[in-house]
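Quick notes on the structure that follows.
The values are calculated or read from the model by the stated rules, or taken from the named source; none is laboratory data. Fair warning: this is a prediction, and the values are worked out from it, not measured in the lab. So basically every Cβ, Gly included, is an ideal-geometry build from the backbone, and we count neighbours across all protein chains shown. All accessible areas refer to the heavy atoms of the entire protein, side chains included, with ligands and DNA or RNA removed. Shrake-Rupley method; radii C 1.70, N 1.55, O 1.52, S 1.80 Å.
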Amino acid sequence: MLGPAPSRQAVDQLRADVDLWLKREGTMVERAMPRPDIWGLGRLDALSMIFNRVAGLDIGPAPDYLIADNIQPADAPVRYPFLWNAAIQDKTQWPGFAANGNDLLGLARNLGEVYGVFATFHPVRSGTFIRKMDFKKINSANIKGLQTLETLIGKIGAPRWPFSVDTQLAVSGQAIFNRSTAQGGCADCHGIKPGKTRFFNQKTWATPLQDVGTDSREYAILAREAQSGVFNGSRLLLVGPQIKPRDKSFNLLSFAVVGSLAQHFIGRPPLIGMGPVAVPSNTLPNNLKGLAQAFDPRATRPTGDFKYESRVMEGIWAAAPYLHNGSVPTLADLLKPAAERPVRFAVGPNYDLQNIGLAATQPGTAVRETTGCEARDSGNSRCGHEFGTRLSPEEKAALLEYLKLL
């Protein structure tokens with residue numbers, strides 16, 4: 001790494017850098033992922049890892065910036081959501097806590113995710129910006145690159161079913177899809193409807209949040225608290241609540257993202273067609289006010305409801321396994337009562353054309369073990385979403401045929 005005949009000083013510095021990296025990443029692995037199979041193939045607990053990185057690796061004292069006690073087990077795994085059409089949902093993240101629908105909100109979502117993976121981000125106390133907090137001095141996030149990626153996401157579009165379809169049967173299935181929920185239909189929750197109008201975006205699709213009895217573990221993650229480190233006592237532009245010594249991890253992430261974007265855009269336009277952002281006084285400038293709604297803190301308040309997104313279902317045939325935690329292997333299984341769904345199933349690339357989803361036989365050894373409704377907070381519960389379970393076998397076949405066309 002250092003080339004031929006490196007100096008002793010260079011070798012010592014490299015060793016110190018490696019030791020520091022190992023201390024930080026080793027602490028993360030030890031505390032966040034105590035079991036090697038905590039997620040399983042095709043899933044991850046992104047929300048925990050974002051909270052863990054920002055609160056555990058970014059806002060502590062130099063030189064390691066660690067607050068080890070802020071790192072908690074990442075034990076609410078979810079399957080990767082599909083990216084197509086994500087740009088025009090009016091909410092994102094499985095619990096729907098992130099407002100969406102224009103480039104600025106999309107950028108807030110993406111920046112939070114970047115902070116949760118491998119960005120170098122260490123906000124520091126400074127007299128040069130918001131309440132003596134500088135988000136930019138030690139920050140590797142590529143804002144322009146993230147804006148480019150968000151533009152490309154908007155162009156993806158849903159994948160097309162590549163196999164044959166019984167079009168007559170699919171027509172019957174469409175009629176079933178459009179029935180009310182009480183009649184076993186889908187469109188009440190998953191149909192395409194206008195969402196909330198966002199500034200500088202032509203449209204959004206409504207993304208209703210519903211508690212349909214599915215796994216609740218992710219809400220335990222949303223409720224987590226952490227030491228606030230360098231953020232303690234800060235308040236963004238004199239608005240919003242002051243950061244407490246121990247605060248919601250959700251609030252720390254929101255403060256990091258909104259503060260970073262506000263600082264980045266001062267003096268420059270955040271979106272095409274907007275004028276430059278004015279130097280702030282005691283509030284967010286008009287063309288950044290949407291950032292205040294980027295993350296909805298109501299998601300962290302215990303209400304007894306565990307609501308997740310009801311997405312538009314374009315391309316749903318390509319999104320197995322199903323439910324937000326990937327606990328049901330096929331769409332045919334999702335039309336069964338939870339008690340009749342597979343307790344365990346193989347995970348891999350082989351596809352089941354008839355049942356639409358994961359084939360029963362896979363080339364690897366990855367197996368997903370699920371729990372029933374007796375353990376809804378396990379992270380692996382197959383419980384809930386018992387819609388369409390009373391349809392006749394013929395009606396189910398027709399509905400599945402129609403879902404291939406979305």
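In summary, LEU149 fulfils each of the numbered conditions (1) open to solvent by 20 Å² or more (accessible area, probe 1.4 Å); (2) in contact with a Leu (Cβ under 9 Å, 6 or more places away or on another chain) with the single exception of condition (2). Of the residues examined, GLY106 is one that is open to solvent by less than 10 Å² (accessible area, probe 1.4 Å) and without any contact (Cβ under 8 Å) to a residue 60 or more places away in the chain. Just give me the residues in region 25-49 being farther than 24 Å from THR370 by Cα and open to solvent by less than 40 Å² (accessible area, probe 1.4 Å), in sequence order. Selection gives GLU25, GLY26, THR27, MET28.
Here the condition is being outside any loop (DSSP other than H, G, I, E, B), under 24 Å from the mean Cα position of the chain (by Cα), modelled with pLDDT under 95 and of a type in the set (Gly, Ala, Ser); of GLY304, GLY259, it holds for GLY259 alone. State whether one or more residues within region 300-317 are without any contact (Cβ under 8 Å) to a residue 60 or more places away in the chain and touching a helix residue (DSSP H, G or I) at 6+ places or on another chain (Cβ under 7 Å). No, every residue in region 300-317 fails to be without any contact (Cβ under 8 Å) to a residue 60 or more places away in the chain and touching a helix residue (DSSP H, G or I) at 6+ places or on another chain (Cβ under 7 Å). No other residue among LYS91, LYS132, LYS136 is closer than 21 Å to LYS289 by Cβ, basic (Lys, Arg) and surrounded by fewer than 22 Cβ atoms within 10 Å (Cβ to Cβ) apart from LYS136. Checked against (1) crowded, with 21+ Cβ neighbours inside 10 Å; (2) modelled with pLDDT under 95; (3) more than 15 Å from the chain's Cα centre (by Cα), ALA55 passes all but a single condition, namely (2).
Of all residues in region 135-157, at least one satisfies being outside any loop (DSSP other than H, G, I, E, B), out of contact with any Gly (no Cβ under 9 Å at 6 or more places or on another chain) and charged (D, E, K, R). Here VAL114 clears all of (1) touching a helix residue (DSSP H, G or I) at 6+ places or on another chain (Cβ under 8 Å); (2) closer than 30 Å to CYS189 by Cα; (3) in a helix (DSSP H, G or I) except the condition numbered (2).
Each residue in region 325-341 was checked for being open to solvent by 10 Å² or more (accessible area, probe 1.4 Å) and assigned to a loop (DSSP other than H, G, I, E, B), and 3 of them qualify.
All but one of (1) among the acidic types (Asp, Glu); (2) over 20 Å from the mean Cα position of the chain (by Cα); (3) open to solvent by 30 Å² or more (accessible area, probe 1.4 Å) hold for GLU113; state the number of the condition that does not hold. Answer for GLU113: the failing condition is (2).
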